[in-house]
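Encoded as structure tokens, the structure appears first; notes follow it.
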Amino acid sequence: MTKIVQIITLLALACSSLLVRAEEIPLRAQHPDRHLVVKGDTLWDISAKFLKNPWQWPQIWQLNRERIKNPHWIYPGDVIVLDTSSGKPLLRLMRESVTLEPGVIVTPIQGDAIPAIQPSTILPFLTKPMLISPEALKAAPRIIAAQEEREILSPGTHIYVQGLPASPRTAWAVYREGEPVKNPENGEILGNEAHYLGEARLLRAGQPATLTVTQAKEEIAVKDKLIAIEDELNPAYIPHSPDKDIKGQIARVSEGINETGYGRVVVLNRGEAQGIERGHVLAVLRKGASMIDPESDPKHPLTIQLPDEPVGLVMVFKTFPHLSYALVMQSSQPIHAEDVVSTP
């Protein structure tokens, strides 16, 4: 077998919005010429080695929207090379392949494709639902009774649930309705926290359906509700800027604290209905204060609105109709609820 080095260039046409934003792609001052992909790398970390603005990753690869939604094409062992010969930065992928016979090339893949971010950071928010929309809350299946009229529903207990769909999923999370999440702009309730209690597995469909409790993190009781557990725990996304102007606010900081920073999760008051999608990177801005111009006439004081100041970046990883979860990717100052988020 003969080893050859095949340079694979991603030639997909960039969508018009990306072409507009591709006019300026500032590189880091001390960027490398190439990078060997190793296990543990993420798309965000690699892009940050080359770019001042990691969310511009799709432009330097010339990715179209379909490629953005399915980025599983970089593996440990690949070499990423920065090409500036055209006057504009472009990343290319060098991959070692093995020729088995004429016309057949097999590319050795060492492990899974690298993720956008470390999955362990966001896994609890994917496997254990913590937000539920008002519509879903109203229609949520609920526990109406338990085996032998038990009050403490421990693992192995059969429970009877009303409201499961006709073709229900097998795995369900059990939760209790928590505090409402309000829109900081107008006080509207956008959703509720779903306080995770445990999990149950479907035994028999019907109205009511029969399930068995498989895990109990906290005490489960009649009237508690269920949410289907997602099948896809590692959704495909790649960090990228929205292709339109989006502006919103942080509605809540996870874990009920007042401020947060790098590697923590926040809830945004924008979701699918406002065009938010997985992978969107948004700038976090501290809203500028209002002040009285000290040189203005005291009888007719002039109010000056100071500009918003950038304090970080967040990346959306899970969306709801009017809310979304985002991970703090960068923070130069503590990030607070009601800070502004916008297209960078």
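The values are calculated or read from the model by the stated rules, or taken from the named source; none is laboratory data. Keep in mind it's a predicted model, so treat the numbers as computed, not measured. Just the protein is used for accessible areas: all its heavy atoms, side chains included, with ligands, DNA and RNA removed. Shrake-Rupley method; radii C 1.70, N 1.55, O 1.52, S 1.80 Å.
Ignoring ligands, DNA and RNA, what percent of the accessible area of the stretch 112-172 is carbon or sulfur (1.4 Å)?
C and S fraction of accessible area: 53 percent.
Measuring with a 1.4 Å probe in the full set of protein chains, what accessible area per residue, in whole Å², belongs to the stretch 237-342?
Normalised by residue count, the accessible surface of the stretch 237-342 is 47 Å².
List the pairs from K182/K217; K287/K318; K217/K244; K88/K287 whose alpha-carbon separation is above 32 Å, in the order I gave them.
K217/K244; K88/K287
Using the heavy atoms of the protein chains alone and a 1.4 angstrom probe, what is the accessible area of the stretch 122-233 per residue in square angstrom?
53
At 1.002 mPa s and 20 °C, plugging the Kirkwood radius over alpha-carbon pairs of the stretch 237-342 into Stokes-Einstein gives what diffusion coefficient in µm²/s?
Rounded to a whole number, D works out at 147 µm²/s.
How big is the Cα convex hull of the stretch 120-228 in projection, averaged over all directions, in nm²?
Average of the hull's projected areas for the stretch 120-228 equals 7.5 nm².
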